[in-house]
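Take a look at the structure below.
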């Protein structure tokens, strides 16, 4: 019997996020510079007689919360079901998922788990699914999944299906902080829609592309069209962000629809020091991370 294979499920951070006005189907087109970071979940999988899922927090999880969602809603489980349906046969696996990425922080931990499950099944059962097929399957599960099937730094466009690699030779160091609350994505986008006159309405792909060319990335360069709406939905986020900026003495950015925040730091030592300060002074779940290359 083969030993279980372990797949890293990295968190993502939006270093740039431009959001367009909603389409007729209600979804919002985006242009985003997404990067995978060193904070990750672990998904172990092996072929078994019947399928089972064991999902729990790792001992060093950043901000544990109740795992109270039904298994049918879990993206790793849904990815397994979808691939079985696609190939038309059972793919029995024993899955152990140990989570570190906080839920509701805009870090896409669930999406990363789902993408890892697609990769694991393709590898364990020698399915030889083409990359385009895996992306199509990923898009049926959520807009962030396809990113995790490609390079760790990429420009994502459309509804998540457009993937343009944006490689970097050196990592970017980030102090990543997650408040004790999440931001409901649906409410953030609804608030964004009410603010469209101030924000714009068209996706600014060129601005996103320009950011990917900056080396090193200036601390004030990242932007996110959902920052204002997220702070409007969760006013406490705006307060914590302001407090964090006073400590960091540089801009604090929001990733995705929140509530996760990050600061661009100049080095690993700077990142570790700032992460400790934010954790101690603001009682925030904070970790020093770097982008994957």
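Numbers for the structure displayed
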read-out: Any chance residue 175 is crowded, with 22+ Cβ neighbours inside 10 Å, closer than 21 Å to residue 264 by Cβ and at pLDDT 95 or above; value: yes
read-out: Count of segment 91-146 residues which are in a loop (DSSP other than H, G, I, E, B), out of contact with any helix residue (DSSP H, G or I) (no Cβ under 9 Å at 6 or more places or on another chain), closer than 30 Å to residue 253 by Cα and at pLDDT 95 or above; value: 1
read-out: Filtered residues of segment 267-279 (kept if closer than 10 Å to residue 177 by Cβ and surrounded by fewer than 19 Cβ atoms within 10 Å (Cβ to Cβ)); value: 279
read-out: Residues satisfying the stated conditions in segment 280-293, i.e. surrounded by 15 or more Cβ atoms within 10 Å (Cβ to Cβ) and either without any contact (Cβ under 8 Å) to a residue 60 or more places away in the chain or in a strand (DSSP E or B) (or both); value: 285, 286, 287, 288, 289, 290, 291
read-out: Condition met for residue 50 (in contact with a helix residue (DSSP H, G or I) (Cβ under 9 Å, 6 or more places away or on another chain) and loosely packed, with under 14 Cβ neighbours inside 10 Å); value: no
read-out: Residue match in segment 28-45 (condition: surrounded by fewer than 15 Cβ atoms within 10 Å (Cβ to Cβ) and over 19 Å from the mean Cα position of the chain (by Cα)); value: no
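The values are calculated or read from the model by the stated rules, or taken from the named source; none is laboratory data. Everything numeric in this text was worked out from a predicted model, so none of it was measured. Glycine gets a Cβ as well: all are built from the backbone with ideal geometry, and neighbour counts include every protein chain shown.
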